[in-house]
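Okay, structure first, notes after.
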Amino acid sequence: MLLGLIATALPLLAVSRPGYTGWVITTAGISAVALAVRYRHAGGGLFLSAVGGTLGVVGTILCLWSLAAFYLPGHVPTMPNLQTANAASAPAIPVALPPSPVNPAPAARVVAPFDGADVDPTNQLHANLVHVAIEFGAVLQYDKAHGMLPSVLSVEPDGTVVSPGATYAKIAPYMSVEYGVTPGSYTFTVRDTVSGMAVGVDPDANKVVDR
């Protein structure tokens with residue numbers, strides 16, 4: 001039962017799901033099923049063996065889903081995450097004042113709304129950058145509070161932002177991220193590589209600001 005609980009809970013609670021961790025947790029689910037069958041054959045109670053085996057099967061399915069989402073991010077949807085849901089229920093990072101005139105979007109520049117971003121026909125580029133900054137800011141603020149800030153962030157060819165052992169959200173092809181670790185905190189900026197417009201996170205004030 002304990003192995004089944006571990007295999008079921010960890011895929012739902014992990015903030016990031018590195019591939020090797022998924023394989024380890026998957027063996028816990030398989031072991032839970034094997035032990036449940038062995039316990040039953042040895043004369044053990046039906047209830048305990050049934051619960052342990054069921055948890056092992058559910059945990060194995062969740063782990064395999066997590067692994068598939070990790071290795072095939074473009075084809076397999078991301079599985080539900082309890083900590084992400086809890087973070088979403090917390091107060092959102094407030095957005096700073098309207099865009100600064102220092103970084104106006106070029107008049108001829110038209111970009112599509114980024115997935116999940118607010119639709120802003122007057123300055124969609126800025127809205128896209130704000131959305132990405134809010135998304136990463138929520139995760140980094142959580143990591144900061146728990147002493148788990150990544151040492152470095154890098155961008156894969158498909159736009160997926162990763163750190164050693166963890167995978168984060170994707171950014172648009174015209175975006176770049178600037179990240180650094182400071183004593184007890186971090187710096188984060190997402191920048192439009194064409195115009196130079198940038199939006200960042202102020203970790204101390206817990207809000208999104210124009211750079």
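By average Cβ neighbour count within 10 Å, what is the ranking of 127-140, 187-200 from highest down?
Values: 127-140: 23.0, 187-200: 19.1.
Packing order, densest peptide first, comes out as 127-140, 187-200.
The modelled label-to-label distance between VAL181 and VAL58, using points 7 Å beyond Cα along the C-beta direction, is 3.6 nm. Working note: Karplus 6.51/-1.76/1.60 with θ = phi - 60° gives segment 177-194 the couplings 10, 10, 9, x, 9, 10, x, x, 7, 7, 10, 8, 9, 10, 10, 7, 6, 8 Hz, where Gly and Pro are set to x. Near ALA169, the amide H atoms lying under 5 Å from its own belong to VAL161; only residues 5 or more places off or on other chains count, and H is placed 1.01 Å from N. For ARG211, the residues whose modelled amide H falls within less than 5 Å of its own, excluding neighbours fewer than 5 places apart on the same chain, are ALA198, VAL199, GLY200.
With each label modelled as a point 7 angstrom along the Cα→C-beta vector, the VAL37-ALA169 pair spans 4.3 nm. Per-residue 3J(HN,Hα) values for segment 131-145, derived from phi via the Karplus relation 6.51 cos²θ - 1.76 cosθ + 1.60 with θ = phi - 60°, read 4, 5, 4, 5, 4, 6, x, 4, 5, 5, 5, 5, 4, 4, 5 Hz in sequence order (x marks Gly and Pro). For segment 123-210, the convex hull spanned by the alpha carbon atoms encloses 85 Å³ per residue.
Values quoted throughout were computed directly from the atomic coordinates according to the rules given, and no laboratory measurement underlies them. No experiment lies behind these values; they were computed from the predicted model shown. Because the Cβ atoms are built from the backbone with ideal geometry, glycine has one as well, and the counts that use them run over all protein chains shown.
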